[in-house]
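Novice: Attaching a single structure in structure tokens format; questions to follow.
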Amino acid sequence: MSHSHAHPPAKSGKAKARAHSHAVDRKTHLARAEAQCAEAGETLTPLRRRVLELLLDAGGPAKAYDLLDGLKSVDGAAAKPPTIYRALEFLTRLGLAHRVESLNAFVACDVGACARATIFLICDACNSAEEFDAGHALVDVSEAAARDGFTIERTMIEAHGLCAKCRAAA
Ligand SMILES: [Zn+2]
Ligand SMILES: [Zn+2]
């Protein structure tokens, strides 16, 4: 399978760690998120933005509970789990973040936003989750479903295994 995302080399000495290298920098990422929200007639509130920032900083799958500490430091008040879940639900709905069901975690979209078809390659050794823009790979699924009269709105495939780095280290 060809890798359809542009993955420029990471800035620091992590050139080989492709799994976590984001295709766009943080500023661009947040600007795109703003635009995506505006386009959807939604608002990227400071809280939603902060949660997205925390996901970007995590650089990989993060559990909602782990994000709570980061939220606390913003205004000093303790954020409650429902608050962060609502923000994550919002980000997921707009495709700005994805829920990785098998890890019970969330990850910022690698390319900014993609709501329809995503494949995650999840390393069981280091828990990295590399995102593929899977549109082309899932056309068959979509067409087969359409023949059954089913319209797929969203497809998420979570593939588990060992990333190249961990394989090399094994
Ligand atoms: Zn995505
Ligand atoms: Zn790994």
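Readers should treat all values here as calculations from the given coordinates under stated rules, not as data from a laboratory. Keep in mind that what you see is a predicted model, and the values were worked out from it rather than measured. Counting neighbours? That spans all protein chains shown, and the Cβs are built from the backbone with ideal geometry, glycine included.
Novice: Mean separation of Cα pairs under 8 Å and 6+ residues apart, divided by the residue count of segment 24-111: what relative contact order is that in percent?
Specialist: Averaging sequence separation for qualifying contacts and normalising by length gives 32 percent for segment 24-111.
Novice: Length gain on complete extension for the stretch residue 32 to residue 166, per 0.36 nm per residue less the alpha carbon to alpha carbon distance?
Specialist: Full-extension gain reported as 45.0 nm.
Novice: So, with +1 on the Cβ of K and R and -1 on the Cβ of D and E, and no other charges, what is the size of the charge dipole of segment 116-170 about its Cα centre, to the nearest 20 debye?
Specialist: 160 debye
Novice: In addition: Given R₀ = 25 Å, what would the calculated FRET efficiency be for residue 139 paired with residue 101, taking r from the Cβ atoms and rounding to 0.05?
Specialist: Working from the Cβ atoms, E equals 0.65.
Novice: Could you state the per residue volume, in Å³, of the convex hull enclosing the Cα atoms of segment 116-170?
Specialist: In segment 116-170, the Cα convex hull volume per residue is 76 Å³.
Novice: Of all beta bridges DSSP finds with both residues in segment 116-170, what is the antiparallel percent, to the nearest 5?
Specialist: Looking only at bridges with both residues in segment 116-170, the antiparallel portion is about 40 percent.
Novice: A further question follows. Kindly give Rg over Rh for segment 24-111, based on alpha-carbon atoms, with the Kirkwood expression for the hydrodynamic radius.
Specialist: That ratio equals 0.93.
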